[in-house]
């Protein structure tokens, strides 16, 4: 039996006695979220050969914003609802978060979002055309704090060339992190391209649903703010050469 995307739990047959005790104390019926797939939202890279045609997969021509590391889809949902004239494409590697994001986007009935589960650097290199992206949103990417893992970081000189290739002239990169050392590396990577005359630093654009004291309004940021961490931001615009 289900309602509104939830499936009721038979607490008297539950495997955990804690569930029965909770029901005994509160009288509330426990429920669990039923995670659904929405094929019109979830994009399977395995079915893609060559360069992606964003106009085709969205069924319209519009600016394309790519978020790398979409997590549970908080930013995509809020931003897509605020900017219905923009096509948002999310990339998430973690299967658990990816499935939750698809379910959330689908339940909201949002039509201007697509999301895929894949490695972002590979996807950009293999499937995204030159000058086809208006914005990259990269919020709280994995900092890979151990020195031997730094090569796995998303923001690096090599990947920056892919971002710049994919961006249209005037396109924007909007980036945020709570990790101080990783942010210092980001600044170095961005500054190198400033010195090369490829980008100019601009003011970071806050997300549509960011609350007071927030820059992005994602689950990660809200968790980090409670822990007293600071959100560091950097943004840049591609210069027409």
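The values are calculated or read from the model by the stated rules, or taken from the named source; none is laboratory data. Since the model is a prediction, treat every value here as computed from it, not as a measurement. In this analysis, Cβ positions are derived from the backbone assuming ideal geometry, glycine residues included, and neighbour counts consider all displayed protein chains.
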field: Test: residue 197 is in the same structural domain as residue 140 (by TED's automatic domain parsing), within 21 Å of the chain's Cα centre (by Cα), in contact (Cβ under 8 Å) with a residue 12 or more places away in the chain and at positive phi
entry: no
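Condition check ((1) more than 15 Å from the chain's Cα centre (by Cα); (2) loosely packed, with under 15 Cβ neighbours inside 10 Å) across all residues:
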{"position": "102", "(1), (2)": "no, no"}
{"position": "112", "(1), (2)": "no, no"}
{"position": "146", "(1), (2)": "yes, yes"}
{"position": "149", "(1), (2)": "yes, yes"}
{"position": "152", "(1), (2)": "yes, yes"}
{"position": "162", "(1), (2)": "yes, no"}
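Residue-by-condition table, conditions (1) in contact with a helix residue (DSSP H, G or I) (Cβ under 6 Å, 6 or more places away or on another chain); (2) closer than 19 Å to residue 209 by Cβ:
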{"residue": "92", "(1), (2)": "yes, yes"}
{"residue": "121", "(1), (2)": "yes, no"}
{"residue": "141", "(1), (2)": "no, no"}
{"residue": "149", "(1), (2)": "no, no"}
query: Does residue 230 satisfy the criteria of being in contact with a strand residue (DSSP E or B) (Cβ under 7 Å, 6 or more places away or on another chain) and either more than 19 Å from residue 67 (Cα to Cα) or in the same structural domain as residue 124 (by TED's automatic domain parsing) (or both)?
result: no
- request: Give the range 194-217 a look and list any residue that's at pLDDT 95 or above, over 18 Å from residue 137 (Cβ atoms) and in contact with a helix residue (DSSP H, G or I) (Cβ under 9 Å, 6 or more places away or on another chain), or say none.
  value: 198, 200
message: Filter the range 218-232 down to the residues that are surrounded by 18 or more Cβ atoms within 10 Å (Cβ to Cβ) and modelled with pLDDT of 90 or more and list them by number.
response: 221, 231, 232
- request: Take residue 165 and decide whether it is over 18 Å from residue 234 (Cβ atoms), touching a residue at least 12 places away in the same chain (Cβ under 8 Å) and assigned to a helix (DSSP H, G or I).
  value: yes
- request: Mind telling me which of the residues 172, 180 ends up being farther than 24 Å from residue 79 by Cα, touching a residue at least 40 places away in the same chain (Cβ under 8 Å) and assigned by TED's automatic domain parsing to the domain that holds residue 64?
  value: 180
task: Might you let me know whether the range 136-145 holds any residue that is in a helix (DSSP H, G or I), assigned by TED's automatic domain parsing to the domain that holds residue 86 and out of contact with any strand residue (DSSP E or B) (no Cβ under 6 Å at 6 or more places or on another chain)?
output: no
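Residue-wise test of (1) modelled with pLDDT under 95; (2) surrounded by 11 or more Cβ atoms within 10 Å (Cβ to Cβ).
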site: 14; (1), (2): yes, yes
site: 35; (1), (2): yes, yes
site: 38; (1), (2): yes, yes
site: 50; (1), (2): yes, no
site: 75; (1), (2): no, yes
site: 78; (1), (2): no, yes
site: 86; (1), (2): no, yes
site: 98; (1), (2): no, yes
